[in-house]
Amino acid sequence: MAVGLMAVSFVLLAKCADWLVEGAIEIAHYLNAPPILIGIVIVGIGTTAPELAVSVTAALEGSPEVALGNAVGSVIYDDGIALPLAALFAVRAIPIDRVVLRSAALFLIIVDLVAWYMASDGTMARSEGGILVALFVLYLLYSFWEQKRQPPQADSEEEGDRRSLWGVAALFVGGLVGVVISSDWIVMATPIVAEAMGLPKVVIGLVVVALGTSIPEVATCIIAARKGQGGLAVGNILGADILNICWIAGASALANPLVVKPEVVNFMFPWMIAIVLTMLGLMRMGYELSRWKGIVLVVLCGVYLVNLFMTNPGALQVSGH
């Protein structure tokens with residue numbers, strides 16, 4: 001039963017991710033906005049829905065380590081797995097929009113450091129969560145203001161070839177809902193299959209929650225890259241990174257203060273920041289994301305996992321969420 005559910009879910013996920021990307025591309029045309037910005041603002045919000053649901057629920061149920069660990073761990077896996085897959089599946093190196101990268105990179109670094117400082121004493125209070133959520137709202141407003149200052153993008157698509165605005169909205173929303181639902185089914189079915197295969201609980205926890213809630217980003221990145229829309233994939237990951245810290249960790253702290261051991265916080269955050277800085281540095285080199293850069297990120301993520309198993313096994317259930 002669980003195996004059948006997983007098989008159906010992966011088929012549904014692939015199709016809905018295709019609809020989501022198609023809708024996002026056409027939204028970019030309608031708004032005359034670069035796909036990377038649409039990926040950050042619109043696709044990012046949608047694909048991080050599983051992380052939001054897991055973290056807020058965990059906070060309300062008295063599992064603050066899971067709530068914060070899910071947010072931080074998702075950034076690590078999005079940057080170390082989802083984005084590299086986009087680079088590997090893309091036909092050519094993915095060009096990076098300089099203007100959007102500059103603002104997104106600076107903001108991402110700042111909020112990562114701010115969140116680390118907030119949690120370093122072992123508690124992320126409601127007021128601190130509110131600050132993170134407010135920072136995200138300010139970033140959205142700044143992104144749209146900055147986009148309006150840029151000259152309109154040339155649109156190679158003829159008006160007659162476009163779907164109606166309602167058609168685009170239906171395609172995007174339908175794809176988004178399908179991605180979220182199919183991902184949830186995969187997360188539910190995976191532990192059942194893993195237990196039947198005799199896998200240890202520590203491996204189940206790592207696969208189910210860390211990678212499970214990142215499935216929407218992985219699927220969207222692969223589909224976008226195969227369609228030649230690498231900018232949308234990059235925007236999705238940048239947006240997901242910002243959302244995971246500002247929106248997901250912030251909303252979780254608003255729901256219930258997050259009390260986490262300082263040693264756990266000081267294990268997760270440095271690794272997350274190291275991977276984020278590496279990703280941004282690679283994007284800055286030549287303003288493109290090529291296959292070799294994707295391999296570097298995968299290797300770094302692998303080093304993190306080895307370190308997690310070798311030196312901090314007690315935190316695996318936390319930072320893997």
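The values are calculated or read from the model by the stated rules, or taken from the named source; none is laboratory data. Source: prediction; values computed, not measured. We place every Cβ from the backbone using ideal geometry, glycine too, and count neighbours over all the protein chains shown.
Count, please, the residues in segment 34-63 that happen to be modelled with pLDDT of 70 or more, surrounded by fewer than 24 Cβ atoms within 10 Å (Cβ to Cβ) and not in a helix (DSSP H, G or I).
Count: 3.
Could you tell me which of the residues S74, S103 is in contact (Cβ under 8 Å) with a residue 12 or more places away in the chain and surrounded by 24 or more Cβ atoms within 10 Å (Cβ to Cβ)?
Working: S103 fails: surrounded by 24 or more Cβ atoms within 10 Å (Cβ to Cβ).
Testing whether each residue is in contact (Cβ under 8 Å) with a residue 12 or more places away in the chain and surrounded by 24 or more Cβ atoms within 10 Å (Cβ to Cβ) leaves just S74.
Going by what's in this entry, would A134 be described as of a type in the set (A, V, I, L, M), more than 25 Å from A233 (Cβ to Cβ) and in a helix (DSSP H, G or I)?
Here the answer is yes, as A134 does meet what is asked.
Name the pairs: first residue in segment 84-95 and crowded, with 18+ Cβ neighbours inside 10 Å, second residue outside any helix (DSSP H, G or I) and not acidic (D, E), Cβ to Cβ under 7 Å, at least 6 apart or on different chains?
If the second residue must be outside any helix (DSSP H, G or I) and not acidic (D, E), the pairs left are A86/I94; A87/I94; A87/L289; A87/S290; I94/L289.
Do any residues in segment 299-321 that are modelled with pLDDT under 85 have Cβ atoms under 6 Å from those of residues that are not in a helix (DSSP H, G or I), where the two are at least six apart or on different chains, and which pairs are they?
From segment 299-321, no pairs qualify.
Please work out which residue is nearest to L37 (Cα to Cα), limiting yourself to segment 78-105 and to residues that are part of a helix (DSSP H, G or I) and of a type in the set (V, I, T).
V100
Considering only residues of segment 123-146 that are of a type outside the set (A, V, I, L, M, F, W, C) and surrounded by fewer than 16 Cβ atoms within 10 Å (Cβ to Cβ), which is farthest from E65 (Cα to Cα)?
E146
Out of segment 137-176, which residues are polar (S, T, N, Q), modelled with pLDDT of 70 or more and part of a helix (DSSP H, G or I)?
Selection gives S143 alone.
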